[in-house]
Structure formats: C-alpha cells, structure tokens
4 protein chains.
Amino acid sequence: MIVVMNHGASKEDMEAVIKKLENTGFQVHLSQGVERTIIGAIGDKTRLGSLALEAMPGVEKVVPILAPFKLASRNFKEEDTVVRVGNIEIGGSAIHVMAGPCAVESKDQLMEAAFRVKEAGATILRGGAFKPRTSPYSFQGLEEKGLEILAEAREATGLYIVTEVMDSRTLPLVARYADILQIGARNMQNFFLLRDVAAAGKPVLLKRGPSATIEEWLMAAEYIISGGNQQVILCERGIRSFETYTRNTLDLTAVPVLKYLTHLPVVVDPSHAIGKWRFVQPMARAAVAAGADGLLVEVHPNPAEALCDGPQSLTPENFRRLMEELRQVGKIMNRTLPDAH
Amino acid sequence: MIVVMNHGASKEDMEAVIKKLENTGFQVHLSQGVERTIIGAIGDKTRLGSLALEAMPGVEKVVPILAPFKLASRNFKEEDTVVRVGNIEIGGSAIHVMAGPCAVESKDQLMEAAFRVKEAGATILRGGAFKPRTSPYSFQGLEEKGLEILAEAREATGLYIVTEVMDSRTLPLVARYADILQIGARNMQNFFLLRDVAAAGKPVLLKRGPSATIEEWLMAAEYIISGGNQQVILCERGIRSFETYTRNTLDLTAVPVLKYLTHLPVVVDPSHAIGKWRFVQPMARAAVAAGADGLLVEVHPNPAEALCDGPQSLTPENFRRLMEELRQVGKIMNRTLPDAH
Amino acid sequence: MIVVMNHGASKEDMEAVIKKLENTGFQVHLSQGVERTIIGAIGDKTRLGSLALEAMPGVEKVVPILAPFKLASRNFKEEDTVVRVGNIEIGGSAIHVMAGPCAVESKDQLMEAAFRVKEAGATILRGGAFKPRTSPYSFQGLEEKGLEILAEAREATGLYIVTEVMDSRTLPLVARYADILQIGARNMQNFFLLRDVAAAGKPVLLKRGPSATIEEWLMAAEYIISGGNQQVILCERGIRSFETYTRNTLDLTAVPVLKYLTHLPVVVDPSHAIGKWRFVQPMARAAVAAGADGLLVEVHPNPAEALCDGPQSLTPENFRRLMEELRQVGKIMNRTLPDAH
Amino acid sequence: MIVVMNHGASKEDMEAVIKKLENTGFQVHLSQGVERTIIGAIGDKTRLGSLALEAMPGVEKVVPILAPFKLASRNFKEEDTVVRVGNIEIGGSAIHVMAGPCAVESKDQLMEAAFRVKEAGATILRGGAFKPRTSPYSFQGLEEKGLEILAEAREATGLYIVTEVMDSRTLPLVARYADILQIGARNMQNFFLLRDVAAAGKPVLLKRGPSATIEEWLMAAEYIISGGNQQVILCERGIRSFETYTRNTLDLTAVPVLKYLTHLPVVVDPSHAIGKWRFVQPMARAAVAAGADGLLVEVHPNPAEALCDGPQSLTPENFRRLMEELRQVGKIMNRTLPDAH
C-alpha cells in the first residue's frame, strides 16, 4: 500500500501516519518526491480495512498495490479448483451446461424441460423455486412445491439441480433439495447469506452483481472460502451499463481475467445478461471460445407461455442446436461436452 | 403497453397476441403503420409481469407506457406522505438531519458523537451495529451490543435511532431498538427482507441500490407499501458510474424527480456517495437546495481512528458549521432546521 | 411514435398535439386509457427530430416505436453489405484481420510489423500516423511521414492500409494514402467529419464511441450513408463501464445485435477494448465465435519499446498463434481466414 | 509512479525496468515486499506517457501516484483563474448566467430570447449556429446566418455571446463572432480542435464529455493551456450512466472536486444534463449551492415550437423566477448575481 501525502503535509502528519502503520504491524519506507512525499507500507493486506488513513491530516490518498482477496487468488493457490457435483466435475476438462426454465411453474413444464435438456447434453438442471422479481405483482415462484418438483426431475433424469437460495431462513430448505446453491446477482453482497452458504457445505454458484467489479465479486467469493467452503463457481451474467438494447452488458472479458486472477471455475449465463433469446446462441459460443468452464442457459418448453423470462428462453429445439455448436467450439478449446442422447 | 410486431409478422401472429392480451383482461386496439403493426393494450398494469409477449412469434418488442409502480406513485396519492418518528415528521415542513458514525464502535465513541450531533441540531442518530463490508476481514459491527449502546444514546440525548437491518433473521432484534429501520443499498432488492420490514410496522429508510434505476427503486418501495407499510423514506446515496474520483456518483437530480413521481419523502446521504469528507459540505447544501426532505451525514468524534469510513466522516466541529449553512439554505426553501443547542 | 399525455392534460392540450402532428404529415389515432390518453402517430420517422412535443403543455413523454436509423437498417436493405477493398471483401465469406502497431514509429518498426502480420495471414495493415492522445505530452504521431511509411509498407507487402483520420483538414492528405479511413471512437459523433468522409468515397471503418449506444452508432453510420457512401464497416472497441480492471468493457453482444439490426459488416478491436495483451487472444476467438466479420489487432515487433499502447500489443509470435486459432474457430462459423505464408 | 512486478518476475526483469526508468530521467527506489517487488519512480510525470512499462516482462501493473495534469492543477497555480469577457469576470465574486435557446432559429426568436434573458439578469447569451445532432435528418443550425443574428443580438442587448465551434475549419468564422468559444461535449477530446482554440486566443468554455472522467477532462484543458491559452471555463453537463429517466446524470459533485483540483472556473449546464425543463430549476439552485461559478441555461420564447431541445428549455417567465431564486442562494455563498432590469 502507498500513502500519498498532500502538498502541504507537515512532518507531524507524516510521523503520525508512520506510527499508525507500524503499530498495525506494517513495515514502512519513505520516499520524498519533487512534489509529494510517499509512504510505502508492506504487511498483511487483510489488516488494511481497519485503517482510516485517508482521514488523517495531510493524507491525500491511499493507493492499494495488491488485490484485497487472498484465498480466492491464483497466487495463493495455483492449480485450478475443480468443484465436484455427484460424478461430474466443474472446472475440469469437460464443459458442463446447466439448462432449464427461469422458474419451476408446474410438474409438467419442468419434466418436459428436464428431459429435453438432458437429451441435448445438459448435465445440470436449472429452475427457480424462489424467484427474486422486480415487481411485487409478478409470479414469485412455487417455493417448497417447486423444490419438490426439481427433486422429482432429478430422480427421473439423473440431472443435478442448481437453484437459487434467496435468504438465510429458507437456506436449510433449499439445501435439502439442491446440488448447487445459487446466489443470485442481487444477493452477491448479502454477507449474512454468504457466510451461511459457506457453512452449508454444498457447492455454490455465485452470480456477479450487476454493478460489481471483478474485485468485489472475488471478495464475495472470499467470504465463502474464508467461511470454510472452497466449492465456489463464479457466474458472469452481465453488468449494468448505459446500453439498453440488451438487458445487461455481458462482460465476457471477465472470463479470461478471472482464469488469470483466481483458481475458481467460471461459467457464463448469456440468457439473463442479454434478455433476448435471439442472441443467446452466438454469445454462448463466444463464452466457450473465451474459456468458460460452463454455461447457464434458459430453456422453456414453450417460451411464449413462460411465467418468467420467456423472451430470453430458448426452445428445446434451439437448445439442441446450440449444444451441437458448443461441442465444436469446445473441441478447439480441448474441452469436451457431454453427448446428446 | 404497446406491442410492436416485426416486419414479417403474420396475421396469425397478431391474432395470437391479441387473444392473449384479451384473455388477461386487456382492451386491445390495432394500428397498421407503414412499416409495422402496433398493438395497444389498456388494462391493469400490475398484470403485465406475467405475460411473455416478447417470446411470441412475430413480436419485435413491448414498450411499456406507464410506470410499473402504483401505490408509490403521485398519481395514486397526490399529497405528500409524512413519516412520523416520535414527535418529529419527515417529509413535513422541517428538514431533519440524521447524523452519527458509520459504525457503533464503543459506548464512549457513540455517546460523544450523539451529544455533539444533537448540539448541532440533528434529531436522529445514525450508527451501524451490523455492517455490510466488502471484505470479510473488515470490522463487521458490534451487533446486539451496538444496538444496546444506540438505545443508551437515545435515552441520554432524546435523539431517535436509525440503524441498518441486514437480514430477516436479525430483524426482530434490530426492530426492538431502532426507530427507523434502514435497508442498505446492497439490500434494496432483497425482496424477502422488504416484505419482512413491511410487516415490522416501523418507518423504513430505503437506500437506493448503486445500480438501481429510479423506477426499480420505487418498485422496491412498492414491495413495502403493498406489504402494508406506507412509512417509507427514500434515501439517495450515489450510483455507480465510470467516474472513480468519488466513491459513487451522487444523483442529486433524483431528488426533484422523486418529488414529482412519488409522494414519499426523500433524503440524501452525501457521505457514502462521495467517500471524501471534504466534499460533503457543499453537496449537503446542494441537496437541500434541490429539495431534499433530510440528510444522512457521517460524523465521528475522531475520523482518523474510525473503524469504518473515516475518510468520509465529518468532525463534530465541521458538522456544526454544516448545520449552520443548511439552516440558511433551508430558509430559501421555506423549510426549517432544528436549532443548535 | 406514441405521445403519452399526463394525468391532468386538457382537451385543448390534446388537440394542440394532434394538430401539430397532422401538420407535420403524421396520421394520428387516439386511445383513451384508464389513467392516460395516448396519441399514436404514423409517418416518416425522419421528420420526428424537429418536433418538440415533450415541451407542449399536457405531454408527459414521447415514446419512439421505430429505430431512428433508416438507410443503415436491415429492414431497408436485407442483404449484407460487402465492402470491397482492392481484391478483398469485408463482410463476405472470408474473415479479414487488420493488424499492426498502434502508431507508426519508424520505417523499420512498421516494415517489420507489416511483414510479420502478413506472414501470419493478415490482409490489412493498421497503424496510426495521427494519434489522438489523452495527454498533450504523449507522442502524437509522425503525421505525413507516417503515412508515407504506411504506403511503402503497402508497396512492399501487398497489405491494404487502414489508418485514422482525425479531422476534416487532414482528410485529403490521409485519403491519399489510406485504403480504409478509420474514424476513431472519440470522433464517432464528429458530424462534420462524418459528412466529409462520406464525400471522400473511400471505405470507412467507424469505431463505436465509448459511451455510444448501438442506436447512436448506427445514426453515425446513417450520416455517412445518407452522405452517399455505403462502404461503412462498424468496429466494436469497448464501452465505458464502472469496471476498471480492463480499459473498457468489450460489448461483444453488439456483434450479433448489429448483424440483426443492420446490413453493414462488423469487426471487433479487442486490443483497445481490453488494454492488456494477455486477454486479447481469448477475446479475439470469442469475437469470431460471436459472428464478427473481422478483427483489428495491435501487433508490435517489440511491445516493451512501443511509443503507444505497448501493454495491449501482441508480439508477432503471439499474433501468429492467434491466427492459427482463429482459422479453427472460423471453420465452425463457415468462414475462412487467409492462410499463413 | 509505482511499478508492481509480478510474483514470478526475475532479477533481469527488474533490472530492465529500472534501467528504462533511469534512462528516461527518473529516480528509482526498490522495495521488496512479502509477495511482490515494487519499484518507485520519481521524476517528470509528463514523460511517463511514452513508456510502455506494462508491456515489459515481469511487470504486473503500473500505478500512477500523481494526477497527469500539470498546468491545470491547483498545485501548479494556487489562486483562482478569473476569465475576463469584456467587462465581466467569470470565476470572480459574481455568478454569471449564460442563457438562451439551444439553436438560433430566426432573428425574431433570438432577439426575443436575448431581451428576456437580459431583463432577468443574464450577462451572456447562448445559442447554437452550428448544431451537433445525433440524426442527420435533424435541424443542423443556421451556420453563418446564425452567427450574424447572434452578433446583432449582442449589439442590441449588450450581452456577450457564447456559441459552439464544431471543427477547426469553421473556427475562424465562429471566432469572428463569439466572445466565448464553446467546445461541445462530443468534441472534448477532439485534440486538433483543442489546439486550434488554444491558438485562437479567446476564452473557451470546455464541456465535459459524456463519458469523460474528471481527470480526462482536465487533460483536455491541459491541451488548451499548454497551447498558450489559460482562459478556460469548465462546464459540467452530465455524464452517461445507466439511469434513463434523465437524459444524463448531472455530476454536481464534480463542482467542489474541480474547485479543489484546479484553479479554473466551473459552470454547470443543468438543461442538457437533465433534458426536462421541470427539473432545471432545483438543479440550478443546487449547482450554485455546490459552489458553481456560473450556469448555462436553455431559455426559449416558445419551447413547444423549438427546433432543438424544446423539452429542456425554460420559458422566459420561468427563467426570471429561477434568477430570483439564484440570487438568494448566491447570497448564502457570498456571491452576487446581476440584478434584473
């Protein structure tokens, strides 16, 4: 960390900063520039949070040098983390696709979706039982009934289940049914929930918040890992920008950036990012070409009748075609995708 | 709502859309343009959420005409909502300032802060007992002990207490101590929590999410109001933009926009938005000049020793000066601020 | 276009709006909703710009229904535009890669870059003679001398030249040397320059402005096309978001969106968008997988000595490897890339 | 400047960086941390631009310590710059309001606007003769005829004229008529134009680009100052964010930030930022309360008939009321505004 003193900082100001740093266990070295004095501090970065150096007299700004995450970083653990879900591995040599409807609406709907995505080669079934909706007047999910239907679909198809957990109170219930606990974008910084899913001991799919930087996202992962659970899958799902043609702006560059900064597996959800089914197929291809370890794709037996996010859902037939294309792109990346049945 | 059909939409496509709209209770009228056919639909906007019109064949896009919020809108209720907290009124003729430290750190710290802000004219004491922190390694708050100290400060000074509630599980605990329940920016779309604070029956300070549009923010308020609690205070605290010199970009224009769109009172938190104490004073003045009903200001007896957000905290002395200036700006707005003691 | 009247709009207000629309040649139809009256207007969208309907009494807002661009739209011209540069076609079945250094620094540097990118399979040489630089103290380009060197490299290698034109005054000079005139991101809405390059009659590479929506970008293309020049190539080069790890946020979804909205060819510049060479390779692959018609890639014989944008430049060796990968991705897309030599 | 070496950087990597820095005239000092080696460099920051350190082997990132602007900075020149226009001073004790229509449409329109804003207390008349318009089909301004009308209005009212110059070619023409040359937001980084207005020797009103950081904006000012013209007025006019209710997001915090970072005067244009006249009045008050040295306000004799930006234009009557309010806010700030006549 670098502390930049301002133009008129006094000797006393400098000494106060140095004393505070040394008392917190940092090694300090001073550098007098033409315009400014700069204080460098070396030590345990996790202690920095509690210092209010920028509030000290004479301090112009504090410039962090190292990323604030530790357990999540590639420096801390060089080899890729592989998250095991039953007999599959996310972050290994295979690319896994998690597909299914936005929300569980009925047994018939989910069963059809499950069989169709399974046939096409998906290994994990997605579907929300608890749905975070912008409007209180929108369909909010079937709740426990939805979880039961998901479990039936798992039984019938052999697919694993990823589903969203919206708060700590319903976590034990959701954890009874889910194979992967999904933390939604709006909950990426719900720190109580992060600590609780850490304790739940199941793989976690951590979606990026719509206005979260990559660094903040990795700090959210750090909450889970430092809570004792290293089975974290990061999911890029679009960030908020000024562009309104798509629902969000898919930040696909985050994929190679994350592969460089962290050992955690990275998957991409083009459906939510874009909001229009028409563009899901090319962007799913692009995600694999960028190095993603997997995908989340919305598939609905009948998008026009969906209670949630129909406009961004693929038909089973379009999904099948997408999977065929992904197998080809995967080959170039030396990754395999499960065969269609 | 307007449904725009695409260039090549067939007669059957159009009829399917019309049928779906009519079945949901909308009145429909058709308009054939040179390039496109457009279908207008009139009816209860709260039912729109469940239609997946954009997923229907031949539909290019759906353009909503009316804002999706209802109970929160000025059309629904024309006169200003005044939120009563003990013997003060937020949204009435007086401007109320909520001041205090970011976090409750100790009894001494909070008591000193409380007495100093009270002397300067604040009527509400702010201070976090549960703190949402980006890093798991940062100080996370004194929790219940912090709430007890807040209650002691209320007892000693007569100030009312606003403090953040971070999740539903700790809500009953926080609600026992707080006069106003604060929903933090990161929780603005924590819908379970919104429903629960609605049921708690206490005034709610609803901070704007850092990437929330004004419309989404009012939809979050709609969750609380439709849950039976109309005592909602909106708090602008900066949005995320590309500018990095300040922590966030204070969207002060949201103040007059909200006064136009909704009947709810609006307050501004310049401290969190800006992140640097130096600029809090001018922006607090600007907030009152823009029409804000109140302010949230961080004040710490010794910012350089703060465990949280020291760089954006005013000293008690600076806060006193700020209050004097605000009284003058308030006068121009025909609003009063409580006197200093 | 839809005009939404506000709650309390009078009959006179409505009649004034209708009269104004009819006088401008629009067909008008009225629709009385429960809460609002809505006026629909059908007619030539290019005349809308001159109406100030939102300033009329009683008008709440104006909602455009159709995109404002016309000549650039896929509705106006269904088949893909193919831009011919010498004996190559951009937007045809082949994918063309434009490669070279950020700036022309010397004859040696450019010649080496040119021969190396040519060997790897590039068909167009990029290199700036006039450089827009954030700082007045940075290297601003060799100007005419740089253009001469570019022409020598063309002579020696057979590569075509794309280079930036920064203003109308130097346009005749640049047009004498360039095969494709590049409009830089900062000039996307330099409307005088757009009109002048339209008149210059050479292919134009139009970079997206860092804060331009897709719609505004297509309106910039509309300036060129309506000025009589349809040889426009759109170049996605990243938009400005809150994320700071990369220089900009590459909006790759713009590629399939543009292929849907317009007939113009679309290329991607991952180097400028990302700003770090390490991530250029995966994102170039992703761009081709998303459907791009070509790429702009920065290649420098010795990035560490570059006078401009070294950190995002590939070495010739890395570029050769990238081209090999792109050939494979291209195959999946049924597109060819020129062979290496 | 701080160069952070990466984890596995070799001794040779480090030595190469040090050598390059020393050769460019920097003083270097090394600091070995637990995880990283860090190289500090002290010297003339204006030379940094030409180094490509981040492209050197072993370099993780380069962290600038000082702002890149020099002549524009408060450190370089402590006292406020006052820009003289005829017998008025911008940046002095008086607040000056520049008012008038978006575009000069006719002699009648401009004359009426001029007399009305003069009566209300404006000292400078704004009005575009050359108009940058998103659509090629919109009114593009009266060009030289418009400039002549502006000059007539100056003659008749004694108001000074601020008007936009769109490119270098028309600069001599515009400079013949204008008292202040306005650089529009889209041209903030049109570097040729910046150099040319520097040479023109007239006061320059430099609007902030919609996606420009404060630092980039000051670098644009640095182009003008380093070109020999210190008469630069900065104009905040909104930045692009995800919020769509207003045209742009007025970043009012930029006002006190700029007063801290630079000696140049700062004015605010709420009309363009917001795009809706209804919210101009509160935000103009807020701008003065935040410390602005002046305002740009759109006023049109008949907004509903305006050829450009009618929805954001005040009527003369509303403008008169606004000026009365501003006089009161100004008083609190110890600033005067010219009286109404």
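Of note:
- All positions within segment B:278-295 that are more than 17 Å from the chain's Cα centre (by Cα) and either modelled with pLDDT of 95 or more or within 19 Å of B:VAL232 (Cβ to Cβ) (or both): B:PHE279, B:VAL280, B:GLN281, B:PRO282, B:MET283, B:ARG285, B:ALA286, B:ALA289
- A:GLY146 in contact with a strand residue (DSSP E or B) (Cβ under 8 Å, 6 or more places away or on another chain), on the phi > 0 side of the Ramachandran plot and of a type outside the set (Asp, Glu): no
- Of residues in segment B:211-226 being small (Gly, Ala, Ser) and touching a strand residue (DSSP E or B) at 6+ places or on another chain (Cβ under 8 Å), the one nearest to the other protein chains (Cβ to nearest Cβ): B:SER211
- Scanning segment D:8-28 for residues that are touching a residue at least 12 places away in the same chain (Cβ under 8 Å) and touching a strand residue (DSSP E or B) at 6+ places or on another chain (Cβ under 8 Å) yields a total of 9.
- Elements of the type helices (runs of 4 or more DSSP H) sitting completely within segment D:180-280 and holding at least 3 residues that are surrounded by fewer than 24 Cβ atoms within 10 Å (Cβ to Cβ): these cover D:191-200, D:214-226, D:254-261.
- Among the residues of segment C:103-146, just one is closer than 20 Å to C:GLY294 by Cβ and within 13 Å of chain D (Cβ to nearest Cβ), namely C:GLY128.
- One residue from A:GLY238, A:GLY228, A:GLY294, A:GLY330 being more than 24 Å from A:ASN190 (Cβ to Cβ) and not acidic (Asp, Glu): A:GLY330
- For C:LEU337, the conditions (1) assigned by TED's automatic domain parsing to the domain that holds C:LEU218; (2) farther than 22 Å from C:PRO210 by Cα; (3) under 22 Å from the mean Cα position of the chain (by Cα) are fulfilled apart from (1).
- Residues (farther than 18 Å from A:LEU261 by Cβ and part of a loop (DSSP other than H, G, I, E, B)) located in segment A:78-99: A:GLY86, A:ASN87, A:GLY92, A:SER93, A:ILE95
- For segment C:64-77, the set of residues classified as in a loop (DSSP other than H, G, I, E, B), within 11 Å of another protein chain (Cβ to nearest Cβ) and not hydrophobic (A, V, I, L, M, F, W, C) consists of C:PRO64, C:PRO68, C:LYS70, C:ARG74, C:ASN75, listed by residue number.
- A:LYS61 vs. criteria assigned to a helix (DSSP H, G or I) and either over 19 Å from D:ILE38 (Cα atoms) or of a type outside the set (Val, Ile, Thr) (or both): no
- Residue satisfying condition, being in contact with a Pro (Cβ under 6 Å, 6 or more places away or on another chain) and acidic (Asp, Glu), within set B:GLU54, B:GLU12: B:GLU54
- Among the residues making up segment A:227-266, a single one is over 15 Å from A:ILE214 (Cβ atoms), more than 7 Å from every other protein chain (Cβ to nearest Cβ) and β-branched (Val, Ile, Thr): A:ILE233.
- Residue match in segment D:13-32 (condition: in contact with a His (Cβ under 7 Å, 6 or more places away or on another chain) and more than 14 Å from chain C (Cβ to nearest Cβ)): yes
- Only one entry of C:ALA114, C:ALA151 meets the criterion of being closer than 19 Å to C:VAL297 by Cα, among the small types (Gly, Ala, Ser) and outside any strand (DSSP E or B), and that entry is C:ALA114.
- Residues located in segment B:33-45, provided they are more than 9 Å from chain A (Cβ to nearest Cβ) and either assigned to a strand (DSSP E or B) or buried (at least 21 other Cβ atoms within 10 Å of the Cβ) (or both): B:THR37, B:ILE38, B:ILE39, B:GLY40, B:ALA41, B:ILE42
- C:TYR137 being hydroxyl-bearing (Ser, Thr, Tyr) and in contact (Cβ under 8 Å) with a residue 12 or more places away in the chain: no
- Condition check for A:LEU48: in a helix (DSSP H, G or I), at pLDDT below 95 and either in the same structural domain as A:ASP269 (by TED's automatic domain parsing) or buried (at least 16 other Cβ atoms within 10 Å of the Cβ) (or both): yes
- Flag if B:ARG208 is of a type outside the set (A, V, I, L, M), within 14 Å of chain A (Cβ to nearest Cβ) and in contact (Cβ under 8 Å) with a residue 60 or more places away in the chain: no
- Residue check, D:ALA198 facing chain C (nearest Cβ under 10 Å), at pLDDT 95 or above and within 27 Å of D:TRP277 (Cβ to Cβ): no
- Listed by first and then second residue, the pairs linking a residue in segment D:272-285 that is touching a residue at least 60 places away in the same chain (Cβ under 8 Å) to a residue that is of a type in the set (Gly, Ala, Ser) and crowded, with 21+ Cβ neighbours inside 10 Å, with Cβ atoms under 7 Å apart and 6 or more places separating them unless they lie on different chains, are D:HIS272/D:GLY238.
- The set of residues in segment C:309-334 being within 23 Å of C:ILE161 (Cβ to Cβ) and either out of contact with any helix residue (DSSP H, G or I) (no Cβ under 8 Å at 6 or more places or on another chain) or at pLDDT 95 or above (or both) consists of C:LEU314, C:THR315, C:PRO316, C:ASN318, C:PHE319, C:ARG320, C:LEU322, C:MET323, C:LEU326.
- Only residues that are away from every other protein chain (no Cβ under 13 Å) and of a type outside the set (Gly, Ala, Ser) were counted across segment D:167-194, and they come to 6.
- Restricting B:GLU164, B:GLU155 to those that are more than 9 Å from chain A (Cβ to nearest Cβ) and surrounded by fewer than 20 Cβ atoms within 10 Å (Cβ to Cβ) reduces the list to B:GLU155.
Yes or no, residue by residue, for (1) in the same structural domain as B:ARG169 (by TED's automatic domain parsing); (2) without any contact (Cβ under 8 Å) to a residue 60 or more places away in the chain; (3) farther than 18 Å from D:ALA286 by Cβ:
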| residue | (1), (2), (3) |
| --- | --- |
| B:LYS202 | yes, yes, yes |
| B:THR213 | yes, yes, yes |
| B:VAL267 | yes, no, no |
| B:PRO270 | yes, yes, no |
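The rows are residues; the columns are (1) under 22 Å from the mean Cα position of the chain (by Cα); (2) in the same structural domain as C:ALA175 (by TED's automatic domain parsing); (3) of a type outside the set (D, E, K, R); (4) surrounded by fewer than 21 Cβ atoms within 10 Å (Cβ to Cβ).
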| position | (1), (2), (3), (4) |
| --- | --- |
| C:GLU89 | yes, yes, no, yes |
| C:GLU105 | no, yes, no, no |
| C:ALA122 | yes, yes, yes, no |
| C:LEU142 | no, yes, yes, no |
| C:ILE149 | no, yes, yes, no |
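- Within segment D:267-287, the set of residues being closer than 30 Å to A:GLY8 by Cβ and either polar (S, T, N, Q) or facing chain B (nearest Cβ under 8 Å) (or both) comprises D:ALA287 only.
The values are calculated or read from the model by the stated rules, or taken from the named source; none is laboratory data. Predicted model, so just to flag it, every value in this text is computed and none were measured. With ideal geometry, Cβ positions are generated from the backbone for all residues, glycine too; neighbour counts draw on all protein chains shown.
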